[in-house]
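Structure incoming, see below.
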Amino acid sequence: MSELPTDEEAAARAAAAFTGRFGAAPEGVWAAPGRVNVIGEHTDYNGGHVLPVALPHTTRAAVARRDDGRLVLVSAQHPGADADVAVAELEPGTPGGWAGYPAGVVHQLREAVPGGLSLLVDGDVPAGAGLSSSAALECAVAVALRDLLDLDLGPDELVDVARRAENDFVGAPTGILDQSASVLCTAGHALHLDTRDRGSEQVPLDLEAAGLALLVVDSGTTHSHADSGYGDRRRECEEAARRLGVGLLCEVTGVDALAPLDDGTERGALLLRRARHVVTEDARVEEVVGLLRAGGDPREVGAVLTAGHASLRDDFEVSVPELDAIVETALAAGAHGARMVGGGFGGSAVALVDAAAVDDVAAAVAGRAGAPRSYVVVPSAGARRLS
Ligand code: GLA
């Protein structure tokens, strides 16, 4: 569990790296966090609810305007993989790799970008771990451009800019969970978001006061939404909704209403399982919010998380053996609940554990489940200007 820099340290480090690379100080430094979703997986593109918290881990963007029409992108995490392109020539897919995420945001806002931009990125959101390092990068750049170019963009519009960068420029067909979490989350709270009408509320989540901790466990198996089964799952959900005659699966209430999907074919049985995950998962979000709001024992949330994992594993089929092993090992070591997080096919799991048991659970998942890293996360702040 590594030490994270304070906002001041992070800003100074990014500014110094920018100055070293570009020969002049940046006009500012902005940061946006990664996220871990407490519950509500694969509900966002089905019009359901989600409940993410922002990580203390952020991505920083140090930015300055330039007058030669170029977009120059440098990353402290990808030395030697700079990109230098004319803003006027940006098009989806070019540049690719890490630079596609910030370039995608600039592409969205290109009408407003004056002569060009120098941009240096630094950060500590683990990449490929299902913790939204890509959304953190997009959102850091989006808030930077909003402030620097004085753009009239509200929070939902910022989310949309960042999300379209990912969908249209990078080509990953994700929903709005990650970018919403990175922009809208506040310290000490989980974000209860209705992805259909974009209504949201901040739900206080002070686990420390209850003697609990959220332990995020990286499985070390990477995932990539552009080429994983994520797109297949989206298409299966759309087909199930079409067969049920609804626009979005979360318009269905209760699993009984899914019975017509089971038409005796293999495809029908598969669509029923996919839809059952979505509908029960949406209900689990409301159950967790109810438990937290009722002010009872937050340990009760654990069982709901574990039920969510079983549903992702068996009905939605997006878990992998490494994540199942982490969940089982964490539970055996005393976690109150555990589940995989994010899109799946690799990435991380989250466990709700007694604060006093964090070291034991972390050691168990490292030893018995071979997980390379784990982090205790406290619900942290969303995207912001650092300097
Ligand atoms: C990824 C996507 C999100 C969401 C989750 C699953 O993180 O980017 O939009 O669909 O998977 O909940």
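Please treat every number below as a calculation from the coordinates, not as lab data. In this text the structure is predicted, and so the values were computed from the model without any measurement. Every residue, glycine as well, gets a Cβ built from its backbone with ideal geometry; the counts of neighbours run over all protein chains shown.
With +1 on each Lys and Arg Cβ and -1 on each Asp and Glu Cβ, how big is the dipole of the range 206-313 about its Cα centre, in debye rounded to the nearest 20?
So the magnitude is around 260 debye.
For the pair Leu270 and Leu149, how long in nm is the line joining their label points, each one 7 Å along Cα→Cβ?
Simple spin-label model gives 4.2 nm for this pair.
Based on the alpha-carbon gyration tensor of the range 207-377, what equivalent-ellipsoid semi-axes (square roots of 5 times the eigenvalues) come out, in whole Å, largest first?
On the way: eigenvalues 189, 77, 27 Å².
The equivalent ellipsoid of the range 207-377 has semi-axes of 31, 20, 12 Å.
Leu386's amide H: which non-local residues (gap 5+, or another chain) put their own amide H closer than 5 Å, with H modeled 1.01 Å from N in plane and none for Pro or chain starts?
Val29, Trp30, Ala31
Let me ask another. Val376 label point, 7 Å along Cα→Cβ, cut-off 17 Å on backbone N: hits in the range 1-31?
1-5
Can I ask one more? How are the C-alpha pair distances of the range 59-194 spread across 10 Å bins, as whole percents from the shortest bin up?
P(r) over the range 59-194, rounded to whole percents: 13, 47, 33, 7, 0.
Run the Debye formula on the Cα coordinates of the range 332-387, all scatterers equal and no solvent, and tell me log10 I(q)/I(0) at q = 0.16, 0.24, 0.30, 0.31 1/Å.
The Cα Debye sum returns log10 ratios of -0.58, -1.04, -1.39, -1.43.
Okay, next question. Could you line up Trp98, Trp30 from fewest to most neighbouring Cβ atoms inside 10 Å? Each step should come with its number before you reach the end.
Numbers: Trp98 19, Trp30 28.
Ranked by crowding around the Cβ, least crowded first: Trp98, Trp30.
Right, here's the next one. Please tell me the relative contact order of the chain in percent, rounded to the nearest whole number, where contacts are Cα pairs under 8 Å and at least six residues apart.
In percent, rounded to a whole number, it is 23.
If you take the beta carbon distance between Thr253 and Asp197 as r and set R0 to 22 Å, what does 1/(1 + (r/R0)^6) give as a FRET efficiency, to the nearest 0.05? Present the calculation step by step, with values, prior to reporting the outcome.
Working: r = 16 Å, r/R0 = 0.73.
For R0 = 22 Å, the calculated efficiency reads 0.85.
Related question: Set the Förster distance to 56 Å, then compute FRET efficiency between Thr6 and Val246 from the Cβ-Cβ distance, nearest 0.05.
0.75
Also: What is the order of Thr280, Thr265, fewest Cβ neighbours within 10 Å to most?
Listed from fewest to most nearby Cβ atoms, that is Thr265, Thr280.
Along its principal axes, what span do the Cα atoms of the range 125-227 show, with the longest given first and each in whole Å?
The principal-axis extents, from largest down, are 43, 33, 28 Å.
Per-residue HN-Hα couplings for the range 25-42, Karplus 6.51 cos²θ - 1.76 cosθ + 1.60 at θ = phi - 60°, whole Hz, x for Gly and Pro?
Working through the residues one at a time gives 6, x, 7, x, 10, 10, 9, 9, x, x, 9, 10, 8, 5, 6, x, 9, 6 Hz.
So what J values fall out for the range 193-199 if you push phi through Karplus, 6.51 cos²θ - 1.76 cosθ + 1.60 with θ = phi - 60°, rounded to Hz, Gly and Pro as x?
Result, rounded to whole Hz: 10, 8, 6, 7, 9, 6, x.
Can you compute 3J(HN,Hα) from phi for each residue in the range 372-377, using the Karplus curve 6.51 cos²θ - 1.76 cosθ + 1.60 with θ = phi - 60°, rounded to whole Hz and x for Gly and Pro?
Computed from phi, the couplings for the range 372-377 are x, 9, 9, 9, 7, 10 Hz.
Once you have the Kirkwood Rh of the chain from its Cα pairs, apply Stokes-Einstein at 4 °C and 1.567 mPa s and quote D in µm²/s.
Answer from the Stokes-Einstein relation: 61 µm²/s.
Just rank Asp7, Asp44, Asp156, fewest to most, by other beta-carbon atoms within 10 angstrom.
Lowest count first: Asp156, Asp7, Asp44.
Which net charge results for the neighbourhood of Ala64, defined as the other residues with beta-carbon distances under 13 angstrom from its beta-carbon, given Lys and Arg at +1 and Asp and Glu at -1?
Charge balance in the 13 Å sphere: 0.
Report the Cα centroid-to-centroid distance between the range 186-256 and the range 303-324 in angstrom, as an integer.
13
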